[in-house]
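Chemist: Below is one structure. I have some questions about it.
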Amino acid sequence: YRFIEFFVPGIIAMSVMILSLFGTVHLNTELRQKGVIRKLSTTPITRTDWILSNIVYQFILAVISTMAMLLVSYAVFHVSLHINAWLPAFILLDVFTFVGIGMILTRFVKEAQSAAAAANAIMFPMMFLSGSFWDLSSSPEYLQWISKAMPLTYLNDGLRDTMVFGNDSSALVNLVIIVVMGLVFFVLASRWMSWKAK
């Protein structure tokens, strides 16, 4: 495979992470500042419903973004990638995980202006330590251990397993790991989310 074919799945995973995390934190802190979140507490909607609605919204945006990246990849770089049912599954889990992290951050971010800083504090380490741009095997061993604690690592590996290497068994392992991580963040987000203004 060529480097661009190794690169594209990492860029897809990273872009969906940025879209989901930054979008969730910024939108929810802004709505909290305006008092919209507080008003939602007077409606029948639950915290879980609100988080799920954020996931659906971000997933739609992620699908559009991924399609655009793939179109450019095929049209300009003539990549050879395997596109199958694994791709939407990993994109959904990418959104699910990082919307959950975003909702947790929203619990602690007081102003929309500080949302970008909070999101960047999570995103930038993952971008450079999770193998989005290069193979982690070339990194120092201690960085490889750090990367194993980051959800983006398993999304990158899972997408490459299916899109580049055609290794379904390895993709399934990464899928299971990210499902567990995503569920943990979702549960924490649903418990910690507050309707009240900060």
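The values are calculated or read from the model by the stated rules, or taken from the named source; none is laboratory data. Computed from a prediction, not measured in an experiment: that's the story for all the values here. Cβ sites come from the backbone with ideal geometry, for glycine too, and all protein chains shown count toward neighbours. These area figures cover heavy atoms from the full protein model, side chains too; ligands, DNA and RNA do not enter into them. Shrake-Rupley method; radii C 1.70, N 1.55, O 1.52, S 1.80 Å.
Chemist: On the protein heavy atoms, probe 1.4 angstrom, tell me the percent of accessible surface of segment 16-127 carried by carbon and sulfur.
Modeler: Of the solvent-accessible surface of segment 16-127, carbon and sulfur hold 71 percent.
Chemist: Sort ARG32, ARG107 by heavy-atom solvent-accessible area, probe 1.4 angstrom, most to least.
Modeler: The residues order as ARG107, ARG32, largest area first.
Chemist: Can you give the net charge of the other residues whose Cβ lies under 12 Å from the Cβ of ASN84, counting K and R as +1 and D and E as -1?
Modeler: -2
Chemist: Can you give the local net charge around PHE3? Use residues other than it whose beta-carbon is closer than 14 angstrom to its beta-carbon, Lys and Arg +1, Asp and Glu -1.
Modeler: 0
Chemist: Using alpha-carbon pairs under 8 Å, 6+ residues apart, how would you state the relative contact order of the chain in percent?
Modeler: This gives 37 percent for the chain.
Chemist: Given a 1.4 angstrom probe, what's the average accessible area per residue across the chain, in square angstrom?
Modeler: That works out to 49 Å² per residue.
Chemist: Return the whole-Å distance between the Cα centroid of segment 133-196 and the Cα centroid of segment 69-107.
Modeler: 12 Å
Chemist: Something else: Pick from ILE18, ILE101, ILE83 the residue whose mean-square fluctuation is largest in a GNM of the chain, springs joining Cα atoms under 10 Å.
Modeler: Most flexible of the set in this elastic network: ILE83.
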